[in-house]
Amino acid sequence: MLFHTFAIVQVSNNSFLSTPIEFLKGVGPERAAVLKKEASIFTFGDLLTLFPYRYIDRTKFYSTQHIDNTQTYIQLKGKLKHIREIGEGRGKRLTAIFYDNDGEIELVWFQGVKWLVNSLDPRETYILYGKPSWFNGKFNITHPELEKLATFNDSDAGTFRALYNSSEKMKAKSLDSKGIAKLMLTLLQQLRPEHIVENLPKHLLDKYKLFGKFDALKNIHLPQTLSLQAEAIKRLKFEELFLIQLQLLQLKIIRKREKGIYFEKVDHYFKKFYDDALPFSLTNAQKRVLKEIRKDTLSQQQMNRLLQGDVGSGKTIVALLSMLMAIDNNYQAAMMAPTEILAQQHYVGIKELCDKIGIRIALLTGSTKSKERKQLLHSLQHGEIHLIIGTHALLEDSVQFNNLGLVVIDEQHRFGVAQRAKLWKKNNIAPHILVMTATPIPRTLAMTLYGDLDVSILDELPPGRKPIKTVHRYESQRLAVFGFIRDEIAKGRQVYIVYPLIEESEKSDLVDLMNGFESISRAFPLPDYCVSIVHGKMKPENKDFEMQRFIRGETQIMVATTVIEVGVNVPNASVMIIENAERFGLSQLHQLRGRVGRGAEQSYCILMTTHKLTADGKKRINTMVETNDGFKIAEVDLELRGPGNMEGTQQSGNIDLKIANIASDGHIIEEARKAAIALLEDDATLQKQENIVLKQYLQQQKIDNGFWRNIS
Ligand code: ADP
Ligand code: MG
């Protein structure tokens, strides 16, 4: 148990916030049921942290004379005239003229005509909110929001109006954005500072000039000015990111206090491999990283290290040499890969290298047959296997080691803190952990996903690599592309052709792939050419058969989906063709491109697209054509992707940000991390009175969401 020293502290006086939502005026049982089901709002506190997704500026009034585009919503103040129904049946509509001191604009409604005719009043002054459109040579506004000046002044106490997400079922109970805003107002009118637990210490609020939590919550829902709204959001984002950093860094500190496995010596296997089996000399970057790893394993603390390196920078050999350090000290080592193909390939490659030094190595995946598996698990538990390579199957409880000393996770940012923690339990003393990402990830994302790890970077490619030449070609240039493939194959090279299959279940993608395969097979017919195909729907043994044929050079063209994306290594393959390249994300494109350029020959990547490209699509393609630098590509990728779309943030289940955005809040992440480091340097266990709020808050979090459950 890591946390036995912490007492359970109840966070004080949040009874107001834990009041069931049905007790809020205007809610009642039916609306409460919908709020619970559709928005997970059970309490006052839940409602309070339903943050707006956007604001509309109700401070600014346009004049009917100054409407000049159809892009934005505008607000007008004026009266109505000529309210009339026109048309019949389905063409029936209501029109009116809205006028202010400067001029007029036509309004049109296609729905609710009858009700509107009776309720719109030419004597009233209205506030109008809507989006103008250009029709028949003039502007009009369809279905504007209209509110009588009198009630507008009451209801919009704030000058910005917050907009809230809602669902159809919520709307059916009048809980659209406006309905939610109304409830929020009721709640905020009852909210007192003492209801809110301030979870950031005062010295932080002062130092970073942050709003108190009460002010932040009030102003995020009902800001009076743009700058108040910005301050409110900044405080809440800082809080969210700071608390993540604090937890990650605290975890790191606590781990460093736990005893780790000591690798006393570098001996027989490592030296023998280095002298007899290593097929090349290491790059300086590889040597540097190995020294960092060696230092960790001598420190008597658990290593938790992230190894970042571009595609092809040679992470595998670093992993292998690290595993040999473990084996030299009579420990076992494990390597976990994200896909079966990759695990298989690591196995074959590493086995070949290790045969010369007599290491016992095994492969465990989901498709390992049960008899073989049973035997394997037995040998593993009795220490007869030195090194095991596998997929997620390694995480299962039935996989027991004799003495596991090091785990390497070769991943595509897929595992979260909790999953990593599962591996620690495979030994009495937590084994050393080395996590390797498939392609570089941006600093701020690494800080958030892997903030508890130390970082090593391979910033040098092995010598003699020719940079891959990347070009963009349109569908209409396909014949020329095929001609190019023929030339390359004539030189003895091999070619990948990759089709998108984002969801392996998407039928139309599979059809595209099969059509592609057929037309390629026609263009490159037997007996001169042999074409392989690999996709996720195939049986593992068939996949493997096709893969092996390509690896052995028996087929020249490999038609595939992204199953070949990760790590596959066929140095003789020199051309990567990516079909519908606009449909791939940047890091995926870079990862795919990294399948070529692994041998001494000049390699090529051809990005095929249609002429129709979105702005983002164009930027992705251009970035690929312009640079081979995975670190640069990662930054552009982060910039292009909206919140929640970064690869890895969703799958990992590791971070679920409520308000901050990893892509656009990089500077707040940096600031929050700095703040957390400084605070923990001063008060690692949060013992100081001034930090007590943090300690209590984190303690409460652990109880509420079980963040630490997998770790203790
Ligand atoms: P990645 O970092 O993408 O996992 P790999 O470990 O698969 O890269 O290495 C890519 C290729 O480079 C492999 O064929 C590997 O044998 C080779 N390689 C690795 N290190 C060196 C080196 N120092 N000199 C020459 N080739 C190397
Ligand atoms: Mg790799």
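Scanning segment 252-280 for residues that are of a type outside the set (A, V, I, L, M, F, W, C), over 23 Å from I357 (Cβ atoms) and open to solvent by less than 60 Å² (accessible area, probe 1.4 Å) turns up K252, R255, G260.
If the condition is being touching a residue at least 60 places away in the same chain (Cβ under 8 Å) and more than 14 Å from ligand 2 (Cβ to nearest atom), then segment 597-614 contributes A600, E601, Q602, S603, Y604, C605, I606, L607, M608, T609, T610, H611.
Kindly establish whether H378 is modelled with pLDDT under 95 and either open to solvent by less than 20 Å² (accessible area, probe 1.4 Å) or out of contact with any Leu (no Cβ under 9 Å at 6 or more places or on another chain) (or both). Break it down into steps so the answer makes sense when it comes.
Details: modelled with pLDDT under 95: no; either open to solvent by less than 20 Å² (accessible area, probe 1.4 Å) or out of contact with any Leu (no Cβ under 9 Å at 6 or more places or on another chain) (or both): yes.
No, not satisfied.
State whether one or more residues within segment 167-181 are in contact with a helix residue (DSSP H, G or I) (Cβ under 7 Å, 6 or more places away or on another chain) and at pLDDT 95 or above. Checking segment 167-181: not a single residue is in contact with a helix residue (DSSP H, G or I) (Cβ under 7 Å, 6 or more places away or on another chain) and at pLDDT 95 or above. For segment 291-308, the tally of residues that are surrounded by 20 or more Cβ atoms within 10 Å (Cβ to Cβ), among the polar types (S, T, N, Q) and within 16 Å of V266 (Cα to Cα) stands at 1.
Within segment 21-124, considering only strands (runs of 3 or more DSSP E) that don't extend past its boundaries, which have at least 2 residues that are among the acidic types (D, E)? Give the steps one after another, and end with the answer.
Details: elements: 54-57, 74-86, 93-99, 104-109.
Qualifying strands (runs of 3 or more DSSP E): 104-109.
Checked against (1) part of a helix (DSSP H, G or I); (2) closer than 20 Å to Q548 by Cα; (3) within 15 Å of ligand 2 (Cβ to nearest atom), I389 meets all criteria but (1).
Here segment 309-341 is the region considered, the condition is being within 12 Å of ligand 2 (Cβ to nearest atom) and open to solvent by less than 10 Å² (accessible area, probe 1.4 Å), and the residue that is farthest from V435 (Cα to Cα) is S313. Residue selection: G383 satisfies the criterion of being among the small types (G, A, S), on the phi > 0 side of the Ramachandran plot and away from ligand 1 (no atom under 16 Å from the Cβ). Scanning for something open to solvent by less than 60 Å² (accessible area, probe 1.4 Å) and either on the phi > 0 side of the Ramachandran plot or without any contact (Cβ under 8 Å) to a residue 24 or more places away in the chain (or both), does segment 182-195 turn up at least one residue? There is no residue in segment 182-195 that is open to solvent by less than 60 Å² (accessible area, probe 1.4 Å) and either on the phi > 0 side of the Ramachandran plot or without any contact (Cβ under 8 Å) to a residue 24 or more places away in the chain (or both).
The number of residues in segment 535-551 being over 20 Å from G349 (Cα atoms) and either aliphatic (A, V, I, L, M) or assigned by TED's automatic domain parsing to the domain that holds Y347 (or both) comes to 1.
Run down A560, A600 and say which single residue is more than 16 Å from ligand 1 (Cβ to nearest atom) and out of contact with any Cys (no Cβ under 7 Å at 6 or more places or on another chain). Talk me through it step by step, then tell me what you get.
Working: A600 fails: more than 16 Å from ligand 1 (Cβ to nearest atom).
None of the others qualify; the one that does is A560.
Residues in segment 600-609 that are at pLDDT below 90 and surrounded by fewer than 17 Cβ atoms within 10 Å (Cβ to Cβ): A600 only.
The values are calculated or read from the model by the stated rules, or taken from the named source; none is laboratory data. Just so it is clear, the model here is predicted, and its values are computed rather than measured. Neighbour counts are summed over all protein chains in view; Cβ atoms, including those assigned to glycine, are modelled from backbone coordinates with ideal geometry. Only protein heavy atoms, including side chains, enter the accessible area calculation; ligands, DNA and RNA are left aside. Shrake-Rupley method; radii C 1.70, N 1.55, O 1.52, S 1.80 Å.
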